[in-house]
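Peer 1: Take a look at this one; I'll ask things after.
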Amino acid sequence: MIVGIESSCDESAVAVFDRATGVVFEEVYSQIALHGEYGGVVPELAAREHIRNFCPLFDDLHENFSPDMIDAIAVTVEPGLPGCLAIGRVAANALAMIWGKPVLGINHLHGHIFSPFIELHKALGADFIEAFRTYLPHLSLLVSGGNTLLQVVHESGKIELIGGTRDDAAGEAFDKGAKLLGLPYPGGHLIEKLAKTGDGKRFKFPRAYYDTDEIKFSFSGLKTSLRYFLEKQSDMDFDRNKCDICASYQAAIVDILAKKTGQALTPSIRSLGVCGGVANNGCLRERLAILAQANEIPFFFPTPLHTSDNAAMIAFVAYIQENY
């Protein structure tokens, strides 16, 4: 079994992955309530909370697992907030010294890329790796508060970057847009909730690179457009149009994500996946599922627990890397 440790941003997480049965232990301490009053993550506060959180997490780990049950410790080493990453590395090294286990450094983004396959492993067990190879090359859309990336996982295990954002990430566009709309942080899911009863075609917001062949994203102009639009709305108009505004704003984000994903779907791609916090958005998943069906390939997405930062995906990547 492999222990996973994650601390790249504002989640302190520990998990244990069994190669035969999948995730057998998983705990996450979220800091959303702490950072909510600031409208975003404060790095210094996040690092301080990690110090507090890993002690009880390791206590729970010790209660359920003995050192002889564990083969290795996988920890996020990049990318992320430097102070937060440092706490995770120190925690992993301390545990490794006590238990006499090797430490494996894992790329946080790779964790997200492979997270849609955690449930497939749960279903297939020992037959997973053989089945997994049949889904490669795999096109992954990673959409979160800090990243918007299109990447291909090749048969060799190499991960190729196809395109990314030139400025802000899609998740940030949702959360900053929610702030402009007067919604609490993190507000992306609240925009989706209000959008369900709104008309996504009523208001026109910009879609950067939409009519070009370039596989790029840009959401800074979209946020600026929303800000200027709201400044022209009276309080009465805003209250009356709020759901339509949310639906139209969400449509702009989803349209560009779906369009560029479609452009990246070459005939060699055997599966499509979406991951990261924005993968929870039902409208986005629906559009991507239609896209996958049109290209006659399977579509994978993680469970809600594994869309946000978590340690299960970090341990899972260590397992995947053993086979390449």
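Computed from the coordinates by the stated procedures, all read-outs in this text should not be read as laboratory data. All values derive from a computational prediction rather than experimental measurement. Glycine also receives a Cβ, built like all others from the backbone with ideal geometry; neighbour counts cover every protein chain displayed.
Peer 1: Give me, ordered by chain and number, the residues 5 or more places off A74 or on other chains with an amide H under 5 Å from its own placed amide H.
Peer 2: Residues meeting the amide H criterion: V3, G4, I5, L104.
Peer 1: Net charge within 9 Å of G198 by Cβ-Cβ distance, Lys/Arg positive one each and Asp/Glu negative one each, not counting G198 itself?
Peer 2: Charge balance in the 9 Å sphere: +1.
Peer 1: Identify the GluC sites (Glu not before Pro) of the range 5-85 meeting these criteria: DSSP loop state and at most 10 other C-beta atoms within 10 Å of the C-beta.
Peer 2: Loop-located and lightly packed - E37.
Peer 1: Kirkwood Rh, the chain, all Cα pairs: how many Å?
Peer 2: 20.5
Peer 1: Rounded to two decimals, what ratio of Rg to Rh does the range 138-297 give with C-alpha atoms and a Kirkwood Rh?
Peer 2: A ratio of 0.99.
Peer 1: Tell me, what is the FRET efficiency for A94 and L120 to the nearest 0.05, using R0 = 35 angstrom and their Cβ-Cβ distance as r?
Peer 2: The formula returns an efficiency of 0.60 here.
Peer 1: What's the exposure ranking of I70, I191, going from fewest to most Cβ atoms within 10 Å?
Peer 2: Arranged by neighbour count, lowest to highest, I70, I191 become I70, I191.
Peer 1: Compute the helix-to-body angle for 235-264: its Cα long axis versus the longest principal axis of the chain, expressed 0 to 90° and rounded to tens.
Peer 2: 60
Peer 1: Let me ask you something else. Over the Cα atoms of the range 60-101, what is the Rg over Rh ratio if Rh follows Kirkwood?
Peer 2: 1.03
Peer 1: Report the extension gain between Y38 and D18 in nm, rounded to one decimal, defined as 0.36 nm multiplied by the number of residues separating them, less their alpha carbon distance.
Peer 2: 3.4 nm
Peer 1: Same structure, new question: To make sure I understand, if each residue's beta carbon is the centre and we count other beta carbons within 10 Å, what order do L141, L180 fall in, fewest to most?
Peer 2: L180, L141
Peer 1: Taking only DSSP H segments of four or more residues, each worth -39500 (n - 2.57), what value at 222 nm results for the chain once the sum is divided by all its residues, to the nearest 500 deg cm²/dmol?
Peer 2: Rounded to the nearest 500, the figure is -14500 deg cm²/dmol.
Peer 1: Still on this model: Modelling each spin label as a point 7 Å along the Cα-to-Cβ direction, I'd like the T212/R133 distance in nm, to one decimal.
Peer 2: Label at T212, label at R133, 4.0 nm between them.
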